[in-house]
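The values are calculated or read from the model by the stated rules, or taken from the named source; none is laboratory data. Just so you know, these numbers come straight off a predicted model, no measurement behind them. Every residue, glycine as well, gets a Cβ built from its backbone with ideal geometry; the counts of neighbours run over all protein chains shown. For the accessible areas, the whole protein counts, side chains as well, though only heavy atoms, and no ligand, DNA or RNA atoms are used. Shrake-Rupley method; radii C 1.70, N 1.55, O 1.52, S 1.80 Å.
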Amino acid sequence: MKKKTALITGISGQDGAYLAEFLINKNYIVVGSERRSARYDTWRLKRLGIERKIIREELELTEPYEISRLIKKYKFDEIYNLGAQSFVKSSFSSPLYTCNTNGLSVLRILETIREFSPNTKFYQASSSEMFGEILTKKQNERTPFNPRSPYAVSKVFGHFIVKNYRESYNLFAVSGILFNHESPFRGEEFVTRKITKGLVNIINGKQKFLELGNIYSKRDWGFAKEYTEVMWKMLQQKKPDDYVVSTGRTYSIKDFINLCTDYLKIKTKWIGKGLDEKLINLKNNKIIIKISPKYFRPSEVDLLIGDSSKAKKILKWKPKTNLKSLVKIMLDEEIKYFLS
Ligand code: NAP
Ligand code: F7E
């Protein structure tokens, strides 16, 4: 049987690495695109041992000519659009760039597919951030969006343009509304990885303390490796449709920190309130976590909790890793690579 060819935009990111590994194991030819950089960062692909199994192509998502060149060259069976300015906080300082990359690029790809490769199936990385200030207790495919950042607004555009092209031109184009998913491959600026890396640095004397922003926001955190499999499942259905992917459980950043200190067996105590709240290491009475206004956002998403019953019923998918196990996976890998 002819091998399928898939394009993954954002191959250098967390999800790009796990999805590439998954598709290679399914015998796909994987083309991974990355934007030009002075320092190609392939540490995730190297760690998975798949760097040489991927055809690497240059693609800047804001450049329509690069998109059409690549799509005309390969006429991909499947495209997974994971590339994005994905850091919510930076979207407040770079709103135009964020909307161009995350929103308009989706349209650039869809237009090119429509014109030159209409049989290509398309997956868009939509986000739970689109729910923003939530309008229902749990969020599913029917929950209205109420975005709270330029990032979230850019993703809403991407989401609806996918729906519009599916309905107008009969393209196989779908969006996965994925809730936060983490792993040892998470970028170091995101809160979970900042905490796991920071705490391991602190217990090994490489860092004195960690500064964080709002530790009371709550997120529905899953394991990234399990979430990339659902992207593929969505493209194997008879009918194109959008799905929410989540665990259905929500925890605060403070809960996440407490699970980490428990796992690392650091005896700690929280003291103070607001900007003066601190976490103390009871072994030496030193402060290990402080709050800094630097990490607060102009507007916050306070609470997210997903309902993925549709994915469970139709895609036969459900999450396997709870937050405690995810903390273990992340900290074990942090310790392993710190010591190596
Ligand atoms: P990530 O680690 O930040 O990776 C983002 C990727 O996009 C990187 O490879 C980055 O390349 C690339 N990129 C950024 N700007 C680009 C541009 N202008 N042109 C081409 N490539 C560009 O993100 P992730 O966690 O893997 O997430 C994957 C996708 O899912 C993103 O679209 C994100 O918004 C979305 N999402 C993520 C989550 C989550 O919890 N992880 C949840 C919902 C949705 P560089 O390495 O060059 O920066
Ligand atoms: O923040 C709070 C912060 O940056 C989580 C992206 O993958 O998931 C991610 O977006 C929470 C927020 O992720 C710090 O204010 C406190 O409430 O890890 P984060 P995010 O903003 O939820 C969604 C689904 C995406 O689609 C995005 O692409 O943690 N927080 N203190 C902090 N956050 C960071 N980054 N750093 C802190 O020091």
- Filter pass, S68 being in a strand (DSSP E or B) and buried (at least 17 other Cβ atoms within 10 Å of the Cβ): no
- Item | Of residues in the range 195-213 being open to solvent by less than 40 Å² (accessible area, probe 1.4 Å) and within 11 Å of ligand 2 (Cβ to nearest atom), the one farthest from V244 (Cα to Cα) | L210
- Checked S126, S86, S105 against criteria (open to solvent by 20 Å² or more (accessible area, probe 1.4 Å), within 14 Å of ligand 1 (Cβ to nearest atom), touching a strand residue (DSSP E or B) at 6+ places or on another chain (Cβ under 9 Å) and closer than 24 Å to G176 by Cβ); the one match is S86
- Query: Could you count how many residues in the range 92-102 are open to solvent by 60 Å² or more (accessible area, probe 1.4 Å) and within 11 Å of ligand 1 (Cβ to nearest atom)?
  - Reply: 1
- Query: Is the range 7-24 home to any residue that is part of a loop (DSSP other than H, G, I, E, B) and exposed (fewer than 15 other Cβ atoms within 10 Å of the Cβ)?
  - Reply: no
- Message: If I filter the range 92-99 for residues that are touching a strand residue (DSSP E or B) at 6+ places or on another chain (Cβ under 8 Å) and within 23 Å of L19 (Cβ to Cβ), do I get at least one hit?
- Response: no
- Note on the structure: Per the list (1) away from ligand 2 (no atom under 15 Å from the Cβ); (2) more than 13 Å from R166 (Cα to Cα); (3) out of contact with any strand residue (DSSP E or B) (no Cβ under 7 Å at 6 or more places or on another chain), residue check on K138 breaks on (3)
- Query: Just a yes or no: is a residue in the range 82-92 farther than 20 Å from N27 by Cα, away from ligand 2 (no atom under 15 Å from the Cβ) and either in a helix (DSSP H, G or I) or over 17 Å from the mean Cα position of the chain (by Cα) (or both)?
  - Reply: no
- Collect the residues in the range 71-81 that are assigned to a helix (DSSP H, G or I) and surrounded by fewer than 16 Cβ atoms within 10 Å (Cβ to Cβ), keeping them in residue-number order. K72, K73
- Task: Could you check Y251 against (1) more than 25 Å from V88 (Cβ to Cβ); (2) among the aromatic types (F, W, Y); (3) within 16 Å of ligand 1 (Cβ to nearest atom) and say which number it fails?
- Result: (1)
- Query: Which residues, counting only those in the range 192-223, are over 19 Å from K278 (Cβ atoms), assigned to a loop (DSSP other than H, G, I, E, B) and of a type in the set (A, V, I, L, M)?
  - Reply: none
- With the condition kept exactly as written, say whether any residue in the range 25-41 is open to solvent by 20 Å² or more (accessible area, probe 1.4 Å), assigned to a helix (DSSP H, G or I), over 20 Å from W232 (Cβ atoms) and of a type in the set (G, A, S). no
- Message: If I filter the range 31-50 for residues that are without any contact (Cβ under 8 Å) to a residue 60 or more places away in the chain, of a type in the set (A, V, I, L, M) and touching a Lys or Arg at 6+ places or on another chain (Cβ under 6 Å), do I get at least one hit?
- Response: no
- Only one of (1) assigned to a loop (DSSP other than H, G, I, E, B); (2) touching a Ser or Thr at 6+ places or on another chain (Cβ under 8 Å) does not apply to E60, and that is (2)
